[in-house]
Every structure is written in C-alpha cells, then in structure tokens.
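This report concerns only the one structure given below.
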C-alpha cells in the first residue's frame with residue numbers, strides 16, 4: 001500500500017503531461033545564497049513574458065526584490081511575494097493552493113541549475129497533486145547538482161504532505 005500512492009501519483013502526472021499547458025505564471029524559489037541571482041535572472045526572463053504574474057517564495061527582502069524588478073523595467077504589481085516557506089518543500093506547499101485558486105494550470109519554475117533536480121521532484125509531486133504542471137527554467141550555476149539524497153528525502157516529504165498535509169518542516173533552512 002505504501003508504494004501504491006507514489007505509483008498512482010506518477011501515473012497521474014504522466015497522464016497530465018499529455019495535455020501540455022503554456023505556463024500562466026512564473027514561480028521563483030528563494031535560496032539561502034543565490035536568491036538575488038535568481039531574481040535578477042527572472043527579471044530578465046519575464047521581459048519576454050510580460051503578461052505573467054511572478055510568484056517569489058523565500059526571496060530577498062521585499063524592497064530589494066522590488067528594486068531588482070523595477071530596475072529591469074518590470075511592473076512591481078506583477079510580483080507576489082511569499083515569506084512563509086522555511087525550506088524547498090514549503091516553497092511549494094505554501095503557494096500551491098493559491099495558484100490553484102487563481103486557476104493557474106502551469107508555471108515556469110525558476111531556481112538554480114544546482115537546485116533544479118530537487119525542486120522538480122518536489123514541484124511535480126506538490127503542484128501535480130493540484131493539477132499544475134511545471135516547466136523548468138534553470139538559472140546557470142557553478143555547481144551542477146545537489147546530492148541525490150536531498151531529492152529523495154524531500155520527495156518523500158512532498159508525498160507525506162500530499163497524503164497528510166504535514167511537510168515535516170522544522171526551523172532548518174534549505
């Protein structure tokens with residue numbers, strides 16, 4: 001029974017990918033050291049997508065974030081800033097219901113290349129549980145990948161959240 005839930009979720013995800021939906025929002029994950037780089041990258045990226053709202057979870061302080069986007073010529077009204085998350089799993093769980101309530105079915109996921117594998121695992125589980133697809137947009141980084149055990153651990157936490165609503169989060173940072 002324990003293996004049935006992940007298998008069913010994977011099958012559901014595969015089925016949902018058959019009907020690709022153009023992203024309707026940009027979701028940027030903050031990070032302990034690279035959030036400013038991610039925000040600067042996103043500010044340039046969204047100039048090509050002028051109608052999309054931008055959700056930033058766990059980013060730099062609001063004034064700094066707004067400054068980055070304003071300098072790039074992006075209207076600050078497009079920004080939705082969230083500071084509830086304490087780690088990568090909660091970057092997704094704190095926003096997924098809001099995204100779903102706004103009818104968002106697909107997002108561009110922006111995070112560092114180093115962090116993308118883990119973010120995709122979590123995002124595909126958490127967002128996928130609400131029928132939301134993601135399209136990765138990696139920010140180039142010097143390191144290529146995090147250790148795979150972090151993806152496994154946080155993937156399990158994401159599954160726990162889908163099953164119980166509990167993330168297993170504590171006060172540790174990403």
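From the list 47, 95, the one residue that fits, being out of contact with any helix residue (DSSP H, G or I) (no Cβ under 6 Å at 6 or more places or on another chain), buried (at least 20 other Cβ atoms within 10 Å of the Cβ) and within 29 Å of residue 19 (Cα to Cα), is 95.
Screening the candidates 52, 81 for the property of being surrounded by fewer than 20 Cβ atoms within 10 Å (Cβ to Cβ), in contact with a strand residue (DSSP E or B) (Cβ under 9 Å, 6 or more places away or on another chain), in a loop (DSSP other than H, G, I, E, B) and at pLDDT 90 or above yields one hit, 52. Is it true that residue 66 is free of Cβ contacts under 8 Å to residues at least 24 places away in the same chain and either surrounded by 15 or more Cβ atoms within 10 Å (Cβ to Cβ) or assigned to a strand (DSSP E or B) (or both)? When the stated conditions are applied, residue 66 passes them. Just to be sure before I move on: is residue 57 closer than 20 Å to residue 99 by Cβ and either at pLDDT below 85 or touching a strand residue (DSSP E or B) at 6+ places or on another chain (Cβ under 6 Å) (or both) in the structure I sent? Yes; evaluated as a whole, the condition is true for this residue.
Only a single criterion out of (1) within 16 Å of the chain's Cα centre (by Cα); (2) more than 23 Å from residue 20 (Cβ to Cβ) is not satisfied by residue 128, namely (2). Taken over segment 163-172, the criterion of being touching a helix residue (DSSP H, G or I) at 6+ places or on another chain (Cβ under 8 Å) and in contact (Cβ under 8 Å) with a residue 12 or more places away in the chain is satisfied by 163, 167, 168, 169.
Yes/no per residue for (1) at pLDDT 90 or above; (2) in contact with a helix residue (DSSP H, G or I) (Cβ under 9 Å, 6 or more places away or on another chain); (3) assigned to a loop (DSSP other than H, G, I, E, B):
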{"position": "120", "(1), (2), (3)": "yes, yes, no"}
{"position": "125", "(1), (2), (3)": "yes, yes, no"}
{"position": "135", "(1), (2), (3)": "yes, no, no"}
{"position": "152", "(1), (2), (3)": "yes, yes, no"}
{"position": "161", "(1), (2), (3)": "yes, yes, no"}
{"position": "174", "(1), (2), (3)": "no, yes, yes"}
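The values are calculated or read from the model by the stated rules, or taken from the named source; none is laboratory data. Computed from a predicted structure; not experimentally measured. Glycine gets a Cβ as well: all are built from the backbone with ideal geometry, and neighbour counts include every protein chain shown.
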